[in-house]
Amino acid sequence: MSEAKKSHVKTLLILGASGDLTGRLLLPGLAQLIATGREADLVLVGAGSPDFSAEDWQQRVADVFGQAKKKATAQGAAHLDRMAAHTSYSALDVTAPGELGQLVSTLEGPVALYFALPPKISQKACEVLTPAEVPAGTTLVMEKPFGSSAESAHALTRTLTRLVPEEYIQRVDHFRGKATVFNILGLRFANRFLEPLFSAEHVAKMEIFYDEDLALESRAGYYDHAGALRDMIQSHLLQILALLTLNAPATLGERDLRDHIGSVLRATKVPTDYAKSTRRARYTAGTSRGHDVPDYVDEDGVDAANGTETLAEIELRINNSRWSGVPFLLRSGKALGCPRKEAVITFKPVSHLPDGFTGNDTPTRLRIGFGPDTLELELDVNGPGDMYELDRIGLSAQLNSPDLLPYGEVLAGVLAGDPTLSVRDDTAEQCWRIVEPVLAAWANDEVPLEEYAAGSNGPGNWLTSQEVQLDRAPKDGEVPGTSLDAQTAGGA
Ligand code: NDP
């Protein structure tokens, strides 16, 4: 794989122009990017359903760009007007042989083909495209899920690399935004007091939470076939885990970074006693965000027989010299009482605390919050009044926040031909390889599907759902720290 600079994309072809992703996320991200003056000469083309017309597309673009113009400079607004005035739409069936190839041949290259289509349709479209229909320099942009197993992810890659080399495939993970990736790497590798401490010698456990207060939000068509494990953990949270645990790459170039992500994920496994190392649950009726939430199985479009979990928790081990023995926990769910989006790194106790100190000797904890990215270091210090009594303080900071929406960042990378933030083929397969045995155990009912009331913190018997003693008052919206130790110390 070379890191040779690729030419800039001249035309962005969005397939699935009438879809939800295009309207809600892609076009607003693009508008923000264009308003900054970057990619000002890009040509935008929409394509897809015959039920959508050129006028519908132009209206859709005009509506979204009109919103962006309210915040844009005069020059940014001019760039948006130019793009909106020149955009075109083609109705086609991407799965019909020759139709997509014919459209691509009329566009100025290099072209980025953005597959904002249902996954099966994207796969079929790539199967019917022939290499001769895909000019050199074309980028294929794929949305998750990248297959449904390690084998199908591999098969998808085979289909795609028949058309373009791997460096020209962008597997989008909008969660792995540029700011989040580089905030984590900067924090870990630019600070002498942190860099050597990220290892089994010093870390007691690491937890990554993505608890949402949102419930299903009419997304049964997708979610009821995915569930929390596939939707969040298999994709996004494993990527965050990799960034928090990889060895220092020599450079921030895509090859070095993605090699290290692949390496640490290859060493990652879920301990095989799945009844202990994994948990799943589904919400029942309750109240979240001040609204009544129905039982998950009564939500429109849900089939109770799918047994879909809305909250998932898995414990992992990383079997390499840096992390051997450290428990890692990934958890994500919907309709939870306290939204909580953070990684918590809990350090081991000091080897000797001088006799004479009183109070709680609580472990040092580093919390990295996501969206907005924040940092908090919890330390023991001498308390006010009694100098012998240990007290708790938190040093907190706001980390760099991106100037673009997540899909603006995604498109900036795609259009510049930079695959650094894209999920590489080996990583897409590894993420399935890690969760596949868990999915199989759950399908076999080896792990009970528990319940929790919408608006609660999850099943009360889960340690991560329980409120435990905190040595400082929780802030608004924060769930107190939790302990995995009893459950996982000494595990496989
Ligand atoms: P939608 O179902 O809303 O949109 C799919 C689009 O594909 C529609 O425009 C549809 O046209 C078009 N389409 C379907 N079949 C064909 C065909 N044979 N030829 C041409 N066009 C066709 O899906 P989403 O936008 O929600 O999702 C798209 C992708 O993005 C999926 O892979 C999804 O997993 C991923 N994704 C979606 C997110 C979201 O929030 N929506 C978030 C992250 C990822 P028609 O109007 O006729 O139906």
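Would you mind checking 205/341; 70/178; 144/205; 178/341 for any pair whose Cα atoms are more than 19 angstrom apart? Please list the in-between numbers first.
On the way: 205/341 17 Å; 70/178 25 Å; 144/205 29 Å; 178/341 17 Å.
Check vs 19 Å cut-off fails for 70/178; 144/205.
Can you give me the relative contact order of segment 198-267 as a percent, contacts being Cα pairs under 8 Å and 6 or more apart?
25
What order do you get for 370-382, 227-239 when each peptide is scored by the mean count of other beta carbon atoms within 10 Å, highest first? Numbers along the way, then the final one.
Working: 370-382: 16.5, 227-239: 23.9.
Highest to lowest by the protection proxy: 227-239, 370-382.
For a label point 7 angstrom out from the Cα of residue 88 toward its Cβ, which stretches of segment 9-41 have the backbone nitrogen within less than 20 Å?
Taking a point 7 Å out along Cα→Cβ of residue 88, the residues of segment 9-41 whose backbone N falls under 20 Å are 9-18, 40-41.
Given Cα pairs under 8 Å that are at least 6 residues apart, what percent is the relative contact order of segment 1-151? Each step should come with its number before you reach the end.
Numbers: 231 pairs, mean separation 44.2, N = 151.
29 percent.
If the reach is capped at under 19 angstrom between alpha carbons, list the aspartates and glutamates near residue 348, excluding any in the same chain fewer than eight residues apart.
Result set, ordered by chain and number: 195, 201, 207, 315, 361, 376, 378, 380, 391, 471, 485.
For residue 303, put the label point 7 Å out on the Cα→Cβ axis and report which residues of segment 215-243 keep their amide N under 15 Å from it.
Inside the label zone: 220-227.
Evaluate the charge dipole of the chain about its Cα centre and quote only its size in Debye, nearest 20, assuming +1 on the Cβ of each Lys and Arg and -1 on the Cβ of each Asp and Glu. Walk me through the numbers before you get to the answer.
Details: 46 positive and 67 negative charges, 255 e Å.
Result for the chain is approximately 1220 debye, rounded to the nearest 20.
Return the distance in nm (one decimal) between the two label points of a simple spin-label model at residue 287 and residue 191, each offset 7 Å from Cα along Cα→Cβ.
In this crude spin-label approximation the distance works out to 3.9 nm.
What's the extension gain from residue 222 to residue 446 if we count 0.36 nm per residue and subtract their Cα-Cα distance?
Working: separation 224, 0.36 × 224 = 80.64 nm, distance 2.46 nm.
Contour length minus Cα-Cα distance gives 78.2 nm.
Could you sort 347-355, 438-446, 160-168, 309-317 so that the peptide with the highest average Cβ count within 10 Å comes first and the rest follow in order? Numbers along the way, then the final one.
On the way: 347-355: 9.6, 438-446: 14.8, 160-168: 17.2, 309-317: 25.8.
Those peptides, ordered most packed to least, come out 309-317, 160-168, 438-446, 347-355.
Note the full-extension length gain between residue 71 and residue 387 as 0.36 nm times their separation in residues minus their Cα-Cα distance, in nm to one decimal. Don't skip to the answer; put the middle values down first.
Numbers: separation 316, 0.36 × 316 = 113.76 nm, distance 5.28 nm.
Contour length minus Cα-Cα distance gives 108.5 nm.
Provide Rg and Dmax in Å for the chain, with only Cα atoms included in the calculation.
For the chain, the Cα radius of gyration and maximum Cα-Cα distance read 23.9, 80 Å.
Can you grab the distance from the C-alpha centre of segment 34-99 to the C-alpha centre of segment 417-436, Å, no decimals?
30
I need the GluC sites (Glu not before Pro) found in segment 31-123, filtered to DSSP loop residues with at most 15 other beta carbons within 10 Å of theirs.
Working: sites: 39, 55, 99, 108; in loops: 39, 108.
In loop regions of segment 31-123 (DSSP not H, G, I, E or B), the sparsely surrounded GluC sites (Glu not before Pro) are 108.
What does the helix-only formula give at 222 nm for the chain: each DSSP H stretch with n ≥ 4 adding -39500 (n - 2.57), the total divided by the residues, and the result rounded to the nearest 500 deg cm²/dmol? Intermediate values should be presented prior to the final figure.
Details: 14 runs with 141 residues, N = 492.
Per the formula, -8500 deg cm²/dmol.
From zero outward in steps of 10 Å, how is the percent of C-alpha pairs of segment 11-172 spread across the bins?
11, 40, 34, 14, 2, 0
Which percent of the Cα-Cα distances in segment 236-303 go past 20 Å?
On the way: 1317 of 2278 pairs.
Beyond 20 Å sits 58 percent of the P(r) for segment 236-303.
How big is the gap, in Å, between the Cα center of segment 285-348 and the Cα center of segment 224-282?
15
Would you kindly find the accessible area of residue 266, with a 1.4 Å probe and non-protein molecules such as ligands, DNA and RNA excluded, rounding to the nearest 10 Å²?
Approximately 130 Å² for this residue.
The values are calculated or read from the model by the stated rules, or taken from the named source; none is laboratory data. Source: prediction; values computed, not measured. Because the Cβ atoms are built from the backbone with ideal geometry, glycine has one as well, and the counts that use them run over all protein chains shown. Remember, those area values only see protein heavy atoms, side chains included, never the ligands or the DNA or RNA. Shrake-Rupley method; radii C 1.70, N 1.55, O 1.52, S 1.80 Å.
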